[in-house]
1. List pairs: first in the stretch 41-57 and free of Cβ contacts under 8 Å to residues at least 60 places away in the same chain and within 19 Å of G4 (Cβ to Cβ), second in a loop (DSSP other than H, G, I, E, B) and charged (D, E, K, R), Cβ under 6 Å, 6+ apart or cross-chain?
2. Return the only residue of L46, L33 being over 24 Å from R59 (Cβ atoms), surrounded by 10 or more Cβ atoms within 10 Å (Cβ to Cβ) and of a type outside the set (S, T, N, Q).
3. If I filter the stretch 13-25 for residues that are assigned to a strand (DSSP E or B) and either free of Cβ contacts under 8 Å to residues at least 40 places away in the same chain or touching a helix residue (DSSP H, G or I) at 6+ places or on another chain (Cβ under 8 Å) (or both), do I get at least one hit?
4. What number of residues in the stretch 13-29 are surrounded by fewer than 10 Cβ atoms within 10 Å (Cβ to Cβ) and at pLDDT below 85?
Amino acid sequence: SEYGVRVQKSVFEISVNSPAELQQLRNNLTHWLDEEDDLRFYFLCLNCRRKSTDLDGRRIAVYPSAIIL
């Protein structure tokens, strides 16, 4: 996807570098949603991202500002 890495059927990890970029992403994604869709934005602190791993213990990439799932 042009908007990040698909990690499950409907879960994507997306990084943004600024509040303006996040707002643009929100605006761009809005027109793709159906009325019953649920779009959530979760912010993870840098320290939390650094400690994130997959099931096998491999470190997940550290993104610059935010991860959106």
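1. Close Cβ pairs (under 6 Å, with a partner that is in a loop (DSSP other than H, G, I, E, B) and charged (D, E, K, R)) do not exist here.
2. The match here is L33.
3. Yes.
4. The total comes to 0.
The values are calculated or read from the model by the stated rules, or taken from the named source; none is laboratory data. Quantities reported herein were computed from a predicted structural model and do not represent experimental measurements. Positions of Cβ are generated from backbone atoms using ideal geometry, with glycine treated the same way; all protein chains shown enter the neighbour counts.
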